[in-house]
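Enquirer: Got a structure for you, questions after.
The values are calculated or read from the model by the stated rules, or taken from the named source; none is laboratory data. Everything quoted here is computed from the prediction, not taken from an experiment. Cβ: placed from backbone, ideal geometry, glycine included. Neighbour counts: every protein chain shown. Accessible surface areas use protein heavy atoms only, side chains included; no ligands, DNA or RNA. Shrake-Rupley method; radii C 1.70, N 1.55, O 1.52, S 1.80 Å.
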2 protein chains.
Amino acid sequence: MSEMLKKIEQALLSFLPPENAYFQTVIDSMKYSLMAGGKRVRPMLVLEFAKLCGGSEDAAIPFACAIEMIHTYSLIHDDLPCMDDDDLRRGRPTNHKVFGEGVAVLGGDGLLTLAFETVLSERAVALNGFEKCAQAGRILARFAGTQGMIGGQIIDIESENKAISLERLKEMDRNKTGALMKAACLMGCISAGADEEKCRAAEEYADKIGLAFQIVDDILDVISDEQTLGKPIGSDKENNKSTYVSLLGMDECRRLSSELTSQAIDQLSAFANDTTVLKDFALYLRDRTN
Amino acid sequence: MSEMLKKIEQALLSFLPPENAYFQTVIDSMKYSLMAGGKRVRPMLVLEFAKLCGGSEDAAIPFACAIEMIHTYSLIHDDLPCMDDDDLRRGRPTNHKVFGEGVAVLGGDGLLTLAFETVLSERAVALNGFEKCAQAGRILARFAGTQGMIGGQIIDIESENKAISLERLKEMDRNKTGALMKAACLMGCISAGADEEKCRAAEEYADKIGLAFQIVDDILDVISDEQTLGKPIGSDKENNKSTYVSLLGMDECRRLSSELTSQAIDQLSAFANDTTVLKDFALYLRDRTN
């Protein structure tokens, strides 16, 4: 696992533009956020599904890097004063705090564009061929776009400080977080030339763990409030924000996250190869404590 | 020409995402700017070069739309308060004035992403095949990214209210404006399956008209100042901004824009078909009065 992580970090660096006397500021801004030590969940999913479908890690690496670039750009733009207005990300000042808002907007745009340059790069094509790269790029665009991640962010912006329905909350999370997870699993399958049945199973797996991930997030928010603020479970209604816990209650959330995790693991039976890593990953997401 | 424009407008509309109860705000934001009646210079270049190289207008349409989406997103982000802070664009309120800054950032991100979804769409692939679509997407990403348009925008941000050298001014314009012009001409060639020699000539043509375009812009700025403000030619040094006129003088600018236009037209000899439209286009850019 740490071997794979090292490979991803090195590859991410290698796809950044070379130093340039004129454009260095924006390259620095991109590098600052891209190399900030994320957990690399999405790239790992790309590589694991590629291997599971009989493909090679190396061929899938450009796709893995591209999805992490998309994820990183979304964080940079999300943190902007006109969006969530966050000063800190992963314990460090956010991109616009270091480089200014204008450069942060362009740094995000740069990573978004670089993601597609990477998927369609000579290196990616040499390893996967034109057809697979075009298909991976199409999936990335679809799930990162307005009918995916960006759509989820819009629901988020419009739901701020509002009570929303369970249906709307699910729609938001399915898009804001789930869409990129789906893209990751699918791009791994595509790199390996997997058939439609496997692609469908991968997408279902991503859908289930994505939703379970969000529910566990809400559970942990309440528990950590209880521990750090001494508030009783369920009393966290500041901002009037709807969460799975506020809408369904703690017990139902625990039941649902377990059910979704089981359903995700069930999907792995579509694959002939060893699925231990992806099974453990689903369980880890359910049982994590932070 | 107006037939072609109508085709482009219709195609742009057709590539926008369908109406969606959850995401409508961001789709409205994208549509507001994309359908604001631009001159569609870049899409026209795509289609003209496709025809010049023996390709079909219809096959090149998705590429033409994609480059206009990139151009439009760059305007939305450029107008933001943290960038140029403009309230008006093409005589209408800018995107963030209508939809708010957060939605404008996402609307720009949405168009940038949609550009790649369009180049790699089923429709584009059905008409051009996977290889040409992947190559067109790669060119779009390269020229729209940090080593192209975004790089030029960074130089622009960092040069604000500063006197800069002629070399830096050219580097800024080559990237900020010229890069997308090059991408447009090249994507047209690629759709038609043109050989390397033709691609090189198309890129050179774009480079020359791009630079001539900027020089004429600076000339017109001074002339329009003279007419509207009654200032003598060349006195416009507010903001201490370096322009081709301030660095080279009016006469040299006129000579240079003519020279570049001739050089652009010379490149058209690489093509066997009728080049009248592209020749006239270069002359129009040189002789325009606004």
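Enquirer: Hey, can you list the residues from the range B:112-152 whose accessible area shrinks by 40 Å² or more with all protein chains present, relative to the chain by itself (probe 1.4 Å, no ligands or nucleic acids)?
Expert: Those residues are B:Leu112, B:Thr113, B:Phe116, B:Glu117, B:Leu120, B:Phe130, B:Ala134, B:Arg138, B:Ala141, B:Thr146, B:Gln147, B:Ile150.
Enquirer: So which of A:Lys7/A:Lys176; B:Lys6/B:Lys39; A:Lys170/A:Lys208; B:Lys97/B:Lys241; A:Lys132/B:Lys132; B:Lys198/B:Lys279 end up more than 20 Å apart, counting from Cα to Cα?
Expert: Values: A:Lys7/A:Lys176 27 Å; B:Lys6/B:Lys39 12 Å; A:Lys170/A:Lys208 12 Å; B:Lys97/B:Lys241 27 Å; A:Lys132/B:Lys132 13 Å; B:Lys198/B:Lys279 16 Å.
Result: A:Lys7/A:Lys176; B:Lys97/B:Lys241 exceed 20 Å.
Enquirer: Still on this model: With viscosity set to 1.002 mPa s and temperature to 20 °C, compute the Stokes-Einstein D of chain B, Rh being the Kirkwood radius across alpha carbon pairs; µm²/s, no decimals. Could the numbers behind the result be given before it?
Expert: Numbers: Rh = 19.7 Å.
Rounded, D is 109 µm²/s.
Enquirer: What does the charge count near B:Gly37 come to, summing +1 for each Lys or Arg and -1 for each Asp or Glu among other residues with Cβ under 10 Å from its Cβ?
Expert: Working: positive: B:Lys39, B:Arg40, B:Arg90, B:Arg92; negative: B:Glu9.
So the surrounding residues net to +3.
Enquirer: Continuing with this model, one more query. Using a 1.4 Å probe on the protein chains only, how many percent of the accessible area of the range A:1-194 belongs to carbon and sulfur? It would help to have the intermediate numbers written out before the result.
Expert: Working: 3090 of 6510 Å².
Ligands and nucleic acids excluded, carbon and sulfur reach 47 percent.
Enquirer: Moving to a separate point now. Rolling a 1.4 angstrom probe over the protein heavy atoms, how many square angstrom per residue are accessible across the protein assembly as shown?
Expert: Details: 23500 Å² over 580 residues.
Value returned for the protein assembly as shown: 41 Å² of accessible area per residue.
Enquirer: When the dipole is taken about the Cα centre of the range A:1-194, and only Lys, Arg (+1) and Asp, Glu (-1) are charged at their Cβ, what size is it in debye, to the nearest 20? Don't jump to the answer; show the numbers that get you there.
Expert: On the way: 21 positive and 25 negative charges, 116 e Å.
Taking the Cα centre of the range A:1-194 as origin, the dipole is about 560 debye.
Enquirer: Now a separate question. Grab the Cα-Cα distance for A:Leu283 and A:Ser56, subtract it from 0.36 nm times how many residues apart they are, and report the gain in nm with one decimal. Mind showing how you got there, number by number?
Expert: Numbers: separation 227, 0.36 × 227 = 81.72 nm, distance 2.49 nm.
Result for the pair: 79.2 nm of gain on full extension.
Enquirer: May I pose another question? Compute the length gained on full extension between B:Asn290 and B:Ala21: take 0.36 nm times their separation in residues and subtract their Cα-Cα distance, giving the result in nm to one decimal. Please report the intermediate quantities before stating the final value.
Expert: Values: separation 269, 0.36 × 269 = 96.84 nm, distance 4.16 nm.
Result for the pair: 92.7 nm of gain on full extension.
Enquirer: With a 1.4 Å probe, how much accessible area is buried between chains B and A, both sides summed, in Å² to the nearest hundred?
Expert: Answer for the B-A pair: about 4700 Å² buried.
Enquirer: What number, rounded to the nearest 500 deg cm²/dmol, is the helix-based mean residue ellipticity at 222 nm of chain B, given -39500 (n - 2.57) per DSSP H run of at least four residues and division by all its residues? Walk me through the intermediate numbers first.
Expert: Details: 14 runs with 208 residues, N = 290.
Per the formula, -23500 deg cm²/dmol.
Enquirer: For B:Ala163 and A:Leu88, FRET efficiency with R0 = 30 Å and r from the beta-carbon atoms, rounded to 0.05? Write down the numbers at each step before the final one.
Expert: Details: r = 38 Å, r/R0 = 1.25.
The formula returns an efficiency of 0.20 here.
Enquirer: For B:Ala126 paired with A:Lys7, estimate the spin-label separation in nm (one decimal), with each label point 7 Å from Cα along the Cα-to-Cβ line.
Expert: Roughly 3.8 nm, to one decimal.
Enquirer: Between A:Ile223 and B:Arg255, what is the label-point separation in nm under the 7 Å Cα-to-beta-carbon projection?
Expert: 7.7 nm
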